[in-house]
Amino acid sequence: MPFRFITNSIHTFLIDYPVAIVLMVAPFLLKLGKSSPVALWLSMVTRATALLLPALTDDPTGLVRVIRYWLHLWADRALAVVSISASSAFHFTGPDAWWYWGVAAAVLLTTSVLPEVSAAQRANLDTRTASEDRFDFSAWKGAIP
């Protein structure tokens with residue numbers, strides 16, 4: 001049995017919004033930016049983007065709903081890759097480097113290793129077969145020359 005338990009609602013309400021806010025405040029509390037001032041401000045920009053993503057995602061928790069959920073997940077992963085590469089590119093050391101590596105690992109874990117499932121899948125209601133997903137073209141027979 002696969003280890004899947006994160007739904008879209010859990011991802012948004014328990015991960016996206018609160019964690020993005022915490023990740024925006026934590027760099028100031030941890031006094032990041034000692035190895036490079038870029039560490040503090042890059043963290044703020046990437047986390048503000050992470051806070052904006054759920055507001056733009058096309059799901060019940062989105063405010064504007066212009067980004068598909070799968071694209072939201074890939075944008076989260078891209079922000080994790082930015083965190084990993086920024087640590088090397090800007091030569092972060094000490095707490096700055098640990099911060100970026102830790103955030104990247106957490107984001108990749110939540111978006112890749114622990115994949116989301118829909119509420120229907122959790123309730124085991126999504127029992128369609130592959131043949132039921134196909135469109136029935138028999139109604140179109142004779143309508144198209």
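Across region 105-112, coupling constants 3J(HN,Hα) worked out from phi with the 6.51/-1.76/1.60 Karplus curve, θ = phi - 60°, read 4, 5, 5, 5, 5, 6, 9, 10 Hz, and Gly and Pro carry x. Between W74 and K31, the distance separating the two model label sites (each 7 Å from Cα on the Cα→Cβ line) works out to 4.2 nm. Amide H contacts under 5 Å for I67: T57, D58, restricted to partners 5 or more places along the chain or on a different chain, H placed in the peptide plane at 1.01 Å from N.
Using the Karplus relation 6.51 cos²θ - 1.76 cosθ + 1.60 with θ = phi - 60°, the per-residue 3J(HN,Hα) values for region 25-40 come to 8, 4, x, 6, 5, 7, 6, 5, x, 6, 7, 6, x, 4, 4, 5 Hz, with x marking Gly and Pro. Ranking L73, L14 from most to least accessible surface, computed with a 1.4 Å probe over the protein chains only, gives L14, L73.
The values are calculated or read from the model by the stated rules, or taken from the named source; none is laboratory data. Keep in mind that this is a model prediction, so the values were computed, not measured. Neighbour counts run over all protein chains shown; Cβ positions are idealised from the backbone, glycine included. For accessibility, only protein heavy atoms count, side chains too; no ligands or nucleic acids. Shrake-Rupley method; radii C 1.70, N 1.55, O 1.52, S 1.80 Å.
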